[in-house]
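Note sheet for the following structure.
The values are calculated or read from the model by the stated rules, or taken from the named source; none is laboratory data. Since this is a predicted model, take the numbers as computed values, not measurements. Here Cβ is always computed from backbone atoms with ideal geometry, including for glycine, and neighbour counts include all displayed protein chains.
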Amino acid sequence: MKIRHPLIKELQRKIEKTYALNTGITNIEQYIIGDKGYEEFYAKEKIRMVVNSHSGAKVLIRDAGETLKVSIYYPDELIRELESNDPRLGLHDGNVDLCASFVEELDHFLFIAQNYKQNRPFSLLELELQANVTKYLVLKYFIALQNKSIKLSKFDKEYIRYHLFYKRKYDIEDTSERKRYEDAVKFGMMYTKHIDLLPQEDRLRDLRQFSRMTCPSKIRHIQSARN
């Protein structure tokens with residue numbers, strides 16, 4: 001398989017197409033910083049980190065008056081590893097966690113951009129839950145490329161859920177923060193099982209509706225789908 005496009009641009013297109021987003025972002029690479037940029041522009045500034053993943057990747061937010069400045073920090077080591085082990089050429093134990101972190105921060109960034117454009121508030125739980133769904137979809141996409149088949153086996157799906165959900169342990173002292181991550185995992189796992197049971201046309205419609213729901217509505221939708 002020949003890689004034609006940068007990973008981040010390909011994933012941006014897939015995420016925006018899946019959820020029918022209109023972020024208005026035409027050159028996402030200008031919002032990406034590495035180690036040098038982080039040290040130079042952000043390390044000493046007062047910024048808000050939406051998420052600080054286990055890989056060190058972060059979404060950084062600065063309030064600049066009437067505008068919101070958002071960047072994604074990807075550590076140089078993470079990018080080097082993904083360049084050496086591009087998930088489009090195969091997803092495996094050696095790159096699955098880094099790939100998930102890469103997708104998570106991109107999804108956070110696009111979700112923030114879309115909601116800021118629409119002046120729509122959102123919660124951190126909603127941000128995490130949405131990212132868990134997106135990570136599941138993207139990892140399924142990579143395995144489908146690997147298998148050269150859009151139909152994944154039960155083993156493939158459980159492999160993804162293991163790395164995204166089952167093995168996750170949050171050693172966080174703040175009980176409310178820990179509960180937020182645990183709830184995002186719990187509801188993310190429930191929702192991915194729900195959409196896997198839907199026909200393709202219904203699945204896409206459900207995903208798009210889900211992405212536009214408020215967080216309480218998302219949770220009610222997930223719970224009602226189980227009944």
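Conditions tested, residue by residue: (1) within 16 Å of residue 131 (Cβ to Cβ); (2) charged (D, E, K, R).
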{"residue": "158", "(1), (2)": "no, yes"}
{"residue": "161", "(1), (2)": "yes, yes"}
{"residue": "164", "(1), (2)": "yes, no"}
{"residue": "187", "(1), (2)": "yes, no"}
{"residue": "191", "(1), (2)": "yes, no"}
{"residue": "200", "(1), (2)": "no, no"}
{"residue": "220", "(1), (2)": "no, yes"}
Selection from region 216-227 of residues over 19 Å from residue 15 (Cα atoms) and either in a helix (DSSP H, G or I) or aromatic (Phe, Trp, Tyr) (or both) yields 216, 217, 219, 220, 221, 222, 223, 224, 225, 226
Can you find a residue in region 206-215 that is more than 17 Å from residue 98 (Cα to Cα), free of Cβ contacts under 8 Å to residues at least 40 places away in the same chain and in a loop (DSSP other than H, G, I, E, B)?
yes
Identify the single condition in (1) at pLDDT 95 or above; (2) surrounded by fewer than 16 Cβ atoms within 10 Å (Cβ to Cβ); (3) basic (Lys, Arg) that residue 135 does not satisfy, given that it satisfies every other one.
(2)
Determine which member of the set 172, 143, 150, 112 is of a type in the set (Val, Ile, Thr) and in contact (Cβ under 8 Å) with a residue 60 or more places away in the chain.
112
Picking from 158, 177, 201, 173, the residue that is part of a helix (DSSP H, G or I) and out of contact with any helix residue (DSSP H, G or I) (no Cβ under 9 Å at 6 or more places or on another chain) would be 201
Unmet criterion (only one of (1) modelled with pLDDT of 75 or more; (2) surrounded by fewer than 18 Cβ atoms within 10 Å (Cβ to Cβ); (3) within 14 Å of the chain's Cα centre (by Cα)) for residue 52:
(1)
Close pairs (6 angstrom Cβ cut-off, 6 or more residues apart or separate chains): farther than 27 Å from residue 213 by Cα in region 20-47, at pLDDT 85 or above anywhere:
32/72; 33/71; 33/73; 34/76; 35/76; 38/73; 42/60; 47/60
Those residues of region 84-126 that are among the polar types (S, T, N, Q) and at positive phi come to a total of 1
Would you check if residue 125 is in contact with a Gly (Cβ under 7 Å, 6 or more places away or on another chain), in contact (Cβ under 8 Å) with a residue 60 or more places away in the chain and not charged (D, E, K, R)?
no
